[in-house]
């Protein structure tokens with residue numbers, strides 16, 4: 001009797017397994033069938049959220065960079081050299097990112113070779129661009145340096161992106177770039193356009209031009225990186241490369257040591273903290289925006305930093321505001337609105353195409 005009992009028990013267990021399998025299949029089929037409209041709705045929300053986040057991060061990167069530049073200028077006015085400011089910033093960025101890399105268990109050595117090379121190239125371009133911008137600013141003034149560097153970036157970025165990573169650049173993008181550049185010129189009112197008697201050294205203009213081109217190259221490098229690459233890695237490499245380069249340049253380009261100015265001006269500590277905080281915010285938001293949308297769009301939105309810098313000049317440095325600057329600010333904001341509107345239309349068109357493909361009868 002025992003063998004028969006065991007046999008009956010085995011048959012019962014098999015029947016239970018079979019019924020469970022059919023139950024699972026039934027549940028799975030219901031789950032797969034029901035959310036077709038829901039999944040389309042979720043995809044649509046995802047596309048729009050991605051576009052909104054990309055635009056927001058682009059604008060935030062520009063605002064963060066403008067505030068960073070303000071703190072950096074305050075440090076330079078105290079007596080720090082540009083290389084000292086960048087060295088402090090780079091060291092602090094490494095101090096922030098190394099614990100995060102350990103916590104997230106990110107192994108720098110195991111990264112793809114392409115991502116490593118792109119990170120190094122991007123970091124070198126950004127650091128060299130910052131140095132050239134500051135030295136250009138000391139030679140030709142803030143207005144000229146800002147207008148040349150900021151005006152160069154949205155022109156060269158889509159050009160390099162089209163050549164190296166095959167990004168498309170449409171007519172409405174050209175309208176945004178032209179509007180943006182005109183606004184920048186009106187805000188900065190550079191002497192080489194509005195004042196024919198300028199005696200500024202030509203090398204200063206070369207510095208500012210190269211700063212804009214280097215930032216454009218850095219943006220394309222970031223855009224070419226792996227999509228899932230952690231931004232902690234990007235910030236770390238910027239700090240690492242900045243530390244190495246500035247340790248070489250800081251002594252021949254600086255008159256005083258970093259710590260000697262702090263007793264004379266304790267507020268320098270707050271300025272340096274502001275430099276680090278807002279540069280990290282810029283670096284994160286700028287690269288996050290590049291992960292979500294084209295390099296050309298990001299650099300146009302990023303130029304909101306000229307408007308933010310204009311407001312900072314008026315509040316912090318008590319700069320007198322003229323009508324041309326207000327018109328220029330409006331044009332830069334208009335270029336950002338054009339990017340926002342065209343992005344929404346592109347998202348709507350893309351979602352419509354995907355919906356039509358899903359609903360197309362087999």
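The values are calculated or read from the model by the stated rules, or taken from the named source; none is laboratory data. Remember, it's a predicted structure, so these values are computed and weren't measured experimentally. Neighbour counts are summed over all protein chains in view; Cβ atoms, including those assigned to glycine, are modelled from backbone coordinates with ideal geometry.
Here are the numbers for the structure shown:
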item	result
Residue within segment 207-228 that is surrounded by 14 or more Cβ atoms within 10 Å (Cβ to Cβ), part of a loop (DSSP other than H, G, I, E, B), in contact with a helix residue (DSSP H, G or I) (Cβ under 6 Å, 6 or more places away or on another chain) and at pLDDT below 80 present	no
Among the residues listed as 322, 250, 280, 307, the single one being under 25 Å from residue 73 (Cβ atoms), within 18 Å of the chain's Cα centre (by Cα) and surrounded by fewer than 23 Cβ atoms within 10 Å (Cβ to Cβ)	280
Any hit, segment 262-272, residues being closer than 17 Å to residue 82 by Cα, without any contact (Cβ under 8 Å) to a residue 40 or more places away in the chain and in contact with a helix residue (DSSP H, G or I) (Cβ under 6 Å, 6 or more places away or on another chain)	yes
Checklist (1) surrounded by fewer than 24 Cβ atoms within 10 Å (Cβ to Cβ); (2) closer than 25 Å to residue 226 by Cβ applied to residue 182, failing item	(2)
Residues of segment 244-294 satisfying the condition of being outside any loop (DSSP other than H, G, I, E, B) and modelled with pLDDT under 85	253, 258, 259, 260, 261, 262, 263, 264
